[in-house]
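Scroll down for the structure; my scribbles are underneath it.
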Amino acid sequence: MRNRIKIMAVLTLAVALCAGLALSAQATTTLDFALGPPHPATASISYAGGNASLVGKDINVFNVQLLGGGPILTIWGGDLDFTTGTNSGYAGGVWTFGGGPNTSITIHGGIPQVANPNPLNPADWIIQPGTLLLSGTFGEAQVFALGNSSYKIAGAAFQDTKNADLLTLFGLSGLASLQWDGNFNISFIATTNPTTHSFGTANSLAVYSGDLTNTVPVPATVLLLGSGLLGLVGLGFRRRKD
């Protein structure tokens with residue numbers, strides 16, 4: 001009788017934990033970086049043809065927020081740069097680029113705590129200008145030709161880590177050491193070479209808007225706790241059977 005009560009207690013706890021994880025997955029929390037003009041004059045998106053990579057430089061990142069609640073934080077001097085893996089195919093107006101350890105995606109910038117911050121005054125900043133806020137590598141990216149010289153990067157999947165001070169501002173300080181799964185999209189105008197299928201923006205005005213989003217990761221310790229409890233349940237039933 002006593003063993004049965006213990007087994008039922010562990011089973012109840014495990015079911016409750018699994019239900020909580022399921023609800024957490026349904027109510028996914030997302031960190032969103034907004035991309036858009038005015039971009040620096042040096043902003044560009046290009047592909048040189050052949051097995052070259054897709055490269056983006058100096059794309060303006062102007063704020064970050066936790067979707068579904070929390071503050072919207074202005075990013076001062078926000079800068080997105082990325083280099084994908086090599087081109088792995090082109091068909092029907094779609095370019096596909098690979099990933100790997102030699103790829104990169106970064107966001108630099110500062111978070112001010114006053115309306116008109118002085119870049120040289122540390123007291124004006126929560127996070128100093130030029131700080132690395134996000135750093136990661138690509139899994140895959142695709143570019144779609146939309147017609148009339150319009151293009152869109154979509155399905156740009158990557159993994160990254162975040163700046164600990166940035167995460168603290170959203171109450172996520174415990175996730176600084178974890179890998180985040182991300183995606184981003186952005187539209188642009190470019191000229192394409194019909195022979196090599198290479199393309200590139202003519203100037204910064206040809207780079208439009210988009211979003212870079214990250215799903216808040218579930219700490220591995222929580223997942224291990226859930227699987228451990230389920231293991232205890234199985235062990236309890238085996239002992240009872242024996």
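The values are calculated or read from the model by the stated rules, or taken from the named source; none is laboratory data. Please read these numbers as outputs of a predicted model, since none were measured by experiment. Note that we place each Cβ from the backbone using ideal geometry, even for glycine, and neighbour counts take in every protein chain shown.
Count of segment 48-87 residues, restricted to those that are modelled with pLDDT under 95 and not in a strand (DSSP E or B), is 4. Exactly one residue out of G155, G98 is small (G, A, S) and either surrounded by fewer than 17 Cβ atoms within 10 Å (Cβ to Cβ) or on the phi > 0 side of the Ramachandran plot (or both), and it is G155. Among the conditions (1) of a type outside the set (S, T, N, Q); (2) closer than 22 Å to S88 by Cα; (3) out of contact with any Ser or Thr (no Cβ under 8 Å at 6 or more places or on another chain), A115 misses just one, which is (2).
Can you spot a residue in segment 173-184 that is in contact with a helix residue (DSSP H, G or I) (Cβ under 7 Å, 6 or more places away or on another chain), of a type in the set (A, V, I, L, M, F, W, C) and at pLDDT 95 or above? Break it down stepwise before answering.
Taking segment 173-184 first, the residues in contact with a helix residue (DSSP H, G or I) (Cβ under 7 Å, 6 or more places away or on another chain) are 173, 175-176.
Still in the list and also of a type in the set (A, V, I, L, M, F, W, C): 175-176.
Checking the rest, the ones that are also at pLDDT 95 or above come to none.
Checking segment 173-184: not a single residue is in contact with a helix residue (DSSP H, G or I) (Cβ under 7 Å, 6 or more places away or on another chain), of a type in the set (A, V, I, L, M, F, W, C) and at pLDDT 95 or above.
Condition first: hydroxyl-bearing (S, T, Y), in a loop (DSSP other than H, G, I, E, B) and either at pLDDT below 95 or assigned by TED's automatic domain parsing to the domain that holds S46 (or both). Can you find one or more residues in segment 204-226 that meet it? No, there is no match, as no residue in segment 204-226 is hydroxyl-bearing (S, T, Y), in a loop (DSSP other than H, G, I, E, B) and either at pLDDT below 95 or assigned by TED's automatic domain parsing to the domain that holds S46 (or both). Checked against (1) in a strand (DSSP E or B); (2) at pLDDT 95 or above, G155 passes all but condition (2). Pairs meeting the criteria (first residue in segment 109-133 and buried (at least 17 other Cβ atoms within 10 Å of the Cβ), second residue of a type in the set (D, E, K, R) and not in a helix (DSSP H, G or I), beta carbons under 9 Å, at least 6 apart or on different chains) are G109/D79; L133/K162. What tally of residues in segment 90-125 results from selecting those that are outside any strand (DSSP E or B), closer than 30 Å to V143 by Cα and of a type in the set (S, T, N, Q)? Matching residues across segment 90-125 total 2.
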